[in-house]
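Written out below as structure tokens is the structure these notes cover.
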Amino acid sequence: MSADGAPDISGPDGLDRLDELAASLADDPVVVHPLFGNGRSEDVDAALTAVVEDLPFPAYVVLAPGPDGLATTDPARDLAGRLHERIGGDAVLVVQTDPKSYGLTLASFGDVPDQIAIYEVDRDLFPNGAMHEDLHPAGIAARNLEILGAADRGEEVTREQLDAVTSQAVFRRPEKWDPLQDPPTAESIAIWTTFAFVAVTGAAYLALRSALAWRATAPGALPRPARSGRVDRAAAAGLGTPAEVRAAVERELESLARLLARATGSGSGPVDLERRTLVDGSYDTARSLLERTGSAAADLDDLVGALVLVRTATRAVGATRAAAKRPAYRACFFDPRHGEGVHRRTVPVGDRDLTVPACRPCSHTTGRGLAPMTVPSGLLGRERPWYELDTVWARTGYGAFVEDLWRHVARELGSVR
């Protein structure tokens, strides 16, 4: 049993206990495992329950490790569907199964508001992102449910209304908190384990970034490419300078806007919520990047990011029902200005290999001919490969390492502001 009395569904036998969990949700619609409790599981549970009980429709929240055997692509959505099969009726289910991920799944079943209402509020009230800044997963669940409740009642949502919910301390990530400050408990140890995972992940990222600098002298390591004697494919494509990249983003944004207008008018645009969110989020975030950048050399990485985002949105719009299996857009890792990484290339990283998307020339070129995109760094403006810097682009690989690149960039834009 979990801390709040709900059956523990984690592990290899968890699927066999879904009937028990569904039955317990009929009595208590909120489950908060200690890993999701922000150090105050009971208080978080009570605050979420108050939000759920005030809704004009049935809702259930499950923030707990999921069982083995769920869909690997979206385990939380799979769990939401399995629980609804057992609960039935009109309902909204909010599920998160991995405390180390950003993913919080909201699934609507029957005659209840869906996530489109949330996106519309975020677009109107938070055009520059930061809508989830400093919120714990339970806080994100609370604000999203508050929006759906207002939508169902036909009310307009205001910033003040959302702030009244999200300003509660139980919904916010603590600025400073030592989970082992008090005598160790099962809850504090579980949360400390999560913090340890984050620390190890951060260290691994820094090691990866250093390894990808290609400065190692170990056998098999790729040398840092020189500028001389190579073909500048970005310049040849008219994307060599920040001004050229910016002009390309503006042109492609205009083309995307026309494409969206035609698709909406003909009824062939994105119909599923996930793809529509990807298109709109990528489009809006690309525009936000253009608004905050100029055409200086220091803006190159952000401008290239905007280019990747608009091409991601354009690909998603083109993925109609007839081409639903068309792969998502992934830019060439070595220089995203080269276009789509239609091939994969393996790069040695210590004693492991990292596979990244690469354009056709970069997938075969070696030595001095392989030249990654460089950007100015530091007070002296020394040119360095983009992935050596501590930026959102290096952390995400311009979308090579993450899904929904726009979400990561929108959060970064919000924190910068």
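Figures for the structure shown
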read-out	value
Any pair with Cβ under 8 angstrom, 6 or more apart, that starts in the range 43-56 at a residue that is farther than 19 Å from Ala169 by Cα and in the same structural domain as His33 (by the TED database) and ends at one that is hydrophobic (A, V, I, L, M, F, W, C) and part of a helix (DSSP H, G or I)	Leu55/Leu145; Leu55/Leu148
Residue selected from the range 25-38 under the condition open to solvent by 30 Å² or more (accessible area, probe 1.4 Å) and of a type outside the set (A, V, I, L, M, F, W, C), by the criterion farthest from the chain's Cα centre (by Cα)	Asp27
Considering residues of the range 367-383 that are touching a residue at least 12 places away in the same chain (Cβ under 8 Å) and over 16 Å from Gly341 (Cα atoms) only, the residue least open to solvent (accessible area, probe 1.4 Å)	Val375
Lone qualifier among Ala47, Ala3, Ala59 - being touching a helix residue (DSSP H, G or I) at 6+ places or on another chain (Cβ under 7 Å), modelled with pLDDT of 95 or more, within 24 Å of Gly139 (Cβ to Cβ) and crowded, with 18+ Cβ neighbours inside 10 Å	Ala59
Filter result for His84 (open to solvent by less than 60 Å² (accessible area, probe 1.4 Å) and in contact with a Pro (Cβ under 8 Å, 6 or more places away or on another chain))	no
Helices (runs of 4 or more DSSP H) contained in the range 112-221 and holding at least 1 residues aliphatic (A, V, I, L, M) and at pLDDT below 50	186-211
Selection count where residues are touching a Pro at 6+ places or on another chain (Cβ under 7 Å) and either within 18 Å of Arg123 (Cβ to Cβ) or not small (Gly, Ala, Ser) (or both), scope the range 388-417	1
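The values are calculated or read from the model by the stated rules, or taken from the named source; none is laboratory data. No experiment lies behind these values; they were computed from the predicted model shown. Don't worry about glycine lacking a Cβ; one is built from the backbone with ideal geometry, like all the others, and counts go over all protein chains shown. Ligands, DNA and RNA are excluded from the accessible area calculation, which covers all protein heavy atoms including side chains. Shrake-Rupley method; radii C 1.70, N 1.55, O 1.52, S 1.80 Å.
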